[in-house]
Amino acid sequence: MSGNKTFTMIKPTAYKNKCTGTIIQKIYDGGFHIAAMKITKLSKEDAQKFYEVHAGRPFYNDLVESMTAGPIIAAILEKENAVEDYRKLIGATNPAEAAEGTIRKMCGTSIGENAVHGSDSEQNAEIESNFFFPGRERF
Ligand code: CMP
């Protein structure tokens, strides 16, 4: 299914706020197959590397801090047009601007605490999936 996958993380605040069940249900209702999923925790180095494209942006240090504050859930999701469809399902980066019924509207509280990450391209979906999951953890 190359080209038909995306990567997501349920962020520490959403996990702590017990939003995981709501998010997974939205993922299934959106027609995605969950090809891989695990609960884990990012080290500071992990978060810096994962978000290195944002290094130097004013929010980078806060982002690294919030992403390392507690456990996250990482997952690979599959369906036709996965990257674009998942970005529609999660809504705008800022929950205040996200459409009704989107994951970020339902579970996010601010731009920094926006419940989930979703890959922005097929290339990044591949890189981000490889960051977390060896082949034997994919189904
Ligand atoms: P995410 O999809 O995980 O990718 C980068 C994250 O940076 C983004 O979600 C937001 O949580 C966070 N962030 C904080 N401030 C900003 C901002 N001004 N613009 C974009 N992203 C931001």
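The values are calculated or read from the model by the stated rules, or taken from the named source; none is laboratory data. Quick caveat: nothing in here was measured; it's all calculated off a predicted structure. Glycine gets a Cβ as well: all are built from the backbone with ideal geometry, and neighbour counts include every protein chain shown. Note: areas computed on protein heavy atoms with side chains; ligands, DNA, RNA excluded. Shrake-Rupley method; radii C 1.70, N 1.55, O 1.52, S 1.80 Å.
Would you check if there is a residue in the stretch 126-133 being touching a Lys or Arg at 6+ places or on another chain (Cβ under 8 Å) and closer than 18 Å to Tyr15 by Cα? Within the stretch 126-133, one or more residues are touching a Lys or Arg at 6+ places or on another chain (Cβ under 8 Å) and closer than 18 Å to Tyr15 by Cα. Of everything in the stretch 87-114 that is touching a Pro at 6+ places or on another chain (Cβ under 7 Å) and in contact (Cβ under 8 Å) with a residue 40 or more places away in the chain, the residue that is nearest to the ligand (Cβ to nearest atom) is Asn114.
Please tell me if Ala55 is open to solvent by 20 Å² or more (accessible area, probe 1.4 Å), modelled with pLDDT of 95 or more, among the hydrophobic types (A, V, I, L, M, F, W, C) and over 15 Å from Asn114 (Cβ atoms). Against the criterion (open to solvent by 20 Å² or more (accessible area, probe 1.4 Å), modelled with pLDDT of 95 or more, among the hydrophobic types (A, V, I, L, M, F, W, C) and over 15 Å from Asn114 (Cβ atoms)), Ala55 qualifies.
Looking at the stretch 20-28, can you tell me whether even one residue there is more than 20 Å from Ala125 (Cα to Cα) and within 13 Å of the chain's Cα centre (by Cα)? Yes, that holds for at least one residue. Cβ-Cβ contacts under 9 Å between residues 6 or more apart (or on different chains), taken from a first residue in the stretch 44-58 that is under 16 Å from Gly70 (Cα atoms) and within 13 Å of the ligand (Cβ to nearest atom) to a second residue that is of a type in the set (D, E, K, R) and open to solvent by 50 Å² or more (accessible area, probe 1.4 Å), are listed as Ala47/Glu65.
Restricting the stretch 111-133 to residues that are farther than 20 Å from Thr68 by Cα and among the polar types (S, T, N, Q), which is surrounded by the fewest Cβ atoms within 10 Å (Cβ to Cβ)? Residue satisfying both the conditions and the ranking: Gln123.
The number of residues in the stretch 53-80 that are out of contact with any helix residue (DSSP H, G or I) (no Cβ under 9 Å at 6 or more places or on another chain) and part of a helix (DSSP H, G or I) comes to 2.
Just so you know, in the stretch 59-80 the residues that are within 14 Å of the ligand (Cβ to nearest atom) and of a type in the set (D, E, K, R) include one that is most open to solvent (accessible area, probe 1.4 Å), and it is Glu65. The residue of the stretch 115-129 that is farthest from Tyr51 (Cα to Cα), among those that are in a loop (DSSP other than H, G, I, E, B) and in contact (Cβ under 8 Å) with a residue 60 or more places away in the chain, is Ala115.
Within the stretch 81-110, the residues that satisfy the criterion of being open to solvent by less than 30 Å² (accessible area, probe 1.4 Å), within 14 Å of Gly30 (Cβ to Cβ) and part of a helix (DSSP H, G or I) are Ala82, Val83, Tyr86, Ile90, Ile103, Arg104.
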